[in-house]
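Each value in this text was obtained by applying a stated rule to the coordinates, not by laboratory testing. In this text, all values refer to a predicted model and were calculated from it rather than measured experimentally. Cβ placement follows ideal geometry from the backbone for every residue including glycine, while neighbour counts extend to all protein chains displayed.
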Amino acid sequence: MTPTARRGVRAGAAAAVAAAVTCAAVTAAHALWSLDAAVTVPAFQVGGVSFAAEPRDADDATTLRYSVDGGAVAVLVPGSTIAQVLGRTGNDLAPVIWSFDVTGWADGAAGLVYDVSVAAQVDAVGTTHDLSSGSGRDGTLLRYSTFKVYPASGSGGCSWVPQTAQPAAGQVPQNVYVVDGDAHLLQEPGARAGEGTTQVWCVAIAAIDRPDGLYANEVTATGTDAAKGTTRVSVDSWHAAVAFPSSQPPLGDYRNTVLAQGVADGTIARDADEWGAAVYPDPGSEPDVRITLDPAVIHPGQN
């Protein structure tokens, strides 16, 4: 469903409510003219919609974020979760997985869809970086990681991480992706079931590392039987895989030099030593990432 169509849905719903109120007012006025007496018009509910989201690792219900007046809700992926990519070492690393629930319902013939978008990075002081371009802010781990948001499998698992296309020639590369996030169906029109429908969404975060190295070794041994004049050859081979640890670009290399001098009995002895250290940014300052979920009401025949 296009944004224009969705705005039309909201406008149509408002018009329907207004029409119902107008109709009720006319009926009340007619009664007053006919009876010449005061008549109380009872309040009635024309329908209801609920939409909310919360992280799956939440330990209490206070983290459930409800939509207010049909507006968008948001969940935050903690920067500390993104920083966990630094602890992944070895070859063929599994991504860091984080997940959240989306739940909601619509009364009567209405249904619900919602858009999923990765909106912004938010640091500790509230400074934001827009992620609509699909690229994280320079100097953050997100900038050097892939961040994929996608629906869970039918069993609610997140182990299947969708593949994303490589950028075409001349296209600006991105590292933030949303899969199947446009007008995602939560409830078919007129299909409310009990307390509503809940869907699980996954976030897979993986560092973009330099290619790992594979070092091959081969040994050949040759033996000769002098008596028989025969030669036997044996070959053995093995390899070692070298994986680079995940990291941000270093802030710089710092070198230290120490000079020492000693004098004894008129003799001078001198020595020098040097060492260095690479300094990296503090991963504890990694910004959170805000994911936005924007609901819309649909009716039979809309998609």
Practice prompt. Please turn the phi angles of the range 95-106 into ³J(HN,Hα) values with the Karplus equation 6.51 cos²θ - 1.76 cosθ + 1.60 (θ = phi - 60°), one per residue in order, whole Hz, x for glycine and proline.
Written response: x, 6, 10, 9, 9, 8, 9, 10, 9, x, 7, 9
Worksheet, complete the sentence: Expected sort for 261-273, 132-144 on mean C-beta neighbours within 10 Å, highest first, is 132-144, 261-273
Worksheet item: Once both labels are modelled 7 Å past Cα along the beta-carbon direction, what's the Asp236-Leu93 spacing in nm?
Response: 3.3
